[in-house]
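The values are calculated or read from the model by the stated rules, or taken from the named source; none is laboratory data. What you see is a predicted model, and the numbers here were worked out from it, not measured in a lab. Because the Cβ atoms are built from the backbone with ideal geometry, glycine has one as well, and the counts that use them run over all protein chains shown. For the accessible areas, the whole protein counts, side chains as well, though only heavy atoms, and no ligand, DNA or RNA atoms are used. Shrake-Rupley method; radii C 1.70, N 1.55, O 1.52, S 1.80 Å.
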Amino acid sequence: MLFRSMTNDGAYGDRAALVLGVSPDKLFFWINGLDKEAFLNRPDVSGLKRELGFSQEDKLVVLISRLGEQKRVDRAIRAFTTVARRLSNTHMVIVGDGELREELERLTKSLGLSDRVKFTGVRERNQLPSYYYLADVFLYTARHSSLSNCVLEAMVCGRPMVVTDAGGVREVAHDGENAIVVPEDDIEAIAAAV
């Protein structure tokens with residue numbers, strides 16, 4: 001074969017290519033790029049915290065994601081039920097939008113979390129650093145995901161992270177070193193890690 005293959009899909013496209021007979025020297029694992037400078041300057045988030053309706057003492061779990069099936073935001077919300085019972089001053093901020101937003105908002109309401117979970121919708125790229133720095137814990141619950149930019153961005157911001165052991169995230173998130181890594185469908189483990 002005369003081509004080279006690049007993959008960042010986290011679903012092991014490189015392994016599939018090897019099974020199909022593509023030579024390892026023709027494969028690259030391509031990690032998403034980001035503008036680190038945009039995330040290194042820590043903004044003052046006290047105004048944003050007030051704007052969202054939180055006190056300066058409140059602790060925030062932040063999840064930034066498209067609200068689609070593979071992102072498993074429902075697991076994050078279910079895990080947060082346990083966190084909310086244990087920690088009365090902790091809230092969740094969900095930044096993003098998608099086909100499951102209304103369903104996730106209904107789930108939040110049915111779990112009695114409407115006053116503890118805030119959906120912000122999509123934010124402009126230049127607003128995202130403020131949301132990362134708002135996080136006392138950054139949470140990522142996707143399955144079979146590529147190496148998400150939001151994980152890299154949270155890392156650049158130095159945020160404590162709880163991530164699921166799935167897809168390309170495994171390439172950069174190492175349990176006990178730069179994140180707490182939990183099994184992708186273990187809601188209790190997600191809650192305990194947060």
Worksheet item: Of the numbered conditions (1) modelled with pLDDT of 95 or more; (2) closer than 16 Å to E37 by Cα, R125 satisfies every one except a single condition; which is it?
Response: (1)
Practice prompt. Please verify whether segment 2-15 includes one or more residues that are outside any loop (DSSP other than H, G, I, E, B) and modelled with pLDDT of 75 or more.
Written response: no
Practice prompt. Please indicate, with yes or no, whether at least one residue in segment 18-29 is closer than 22 Å to C150 by Cα and modelled with pLDDT under 95.
Written response: yes
Worksheet item: Is there any pair with a first residue in segment 179-194 that is without any contact (Cβ under 8 Å) to a residue 24 or more places away in the chain and open to solvent by 20 Å² or more (accessible area, probe 1.4 Å) and a second that is among the acidic types (D, E) and in a loop (DSSP other than H, G, I, E, B) whose Cβ atoms are under 8 Å apart and which are 6 or more apart or on different chains, and what are they?
Response: V181/D165; P183/D165
Item to complete: Identify the residue in segment 160-178 that is part of a loop (DSSP other than H, G, I, E, B) and surrounded by 21 or more Cβ atoms within 10 Å (Cβ to Cβ) and, among all such residues, is modelled with the highest pLDDT.
Response: A173
Worksheet, complete the sentence: Of (1) open to solvent by less than 50 Å² (accessible area, probe 1.4 Å); (2) touching a Leu at 6+ places or on another chain (Cβ under 7 Å); (3) within 17 Å of K59 (Cβ to Cβ), D136 satisfies every one except (1)
Worksheet, complete the sentence: Here the residues within segment 133-176 that are more than 14 Å from A76 (Cβ to Cβ) and aromatic (F, W, Y) are Y133
Response to the item:
The lone condition N126 fails out of (1) open to solvent by less than 30 Å² (accessible area, probe 1.4 Å); (2) within 23 Å of R42 (Cα to Cα) is (1)
Fill in: Failed item, numbered, when Q127 is tested on (1) polar (S, T, N, Q); (2) touching a residue at least 12 places away in the same chain (Cβ under 8 Å); (3) in a helix (DSSP H, G or I)
(2)
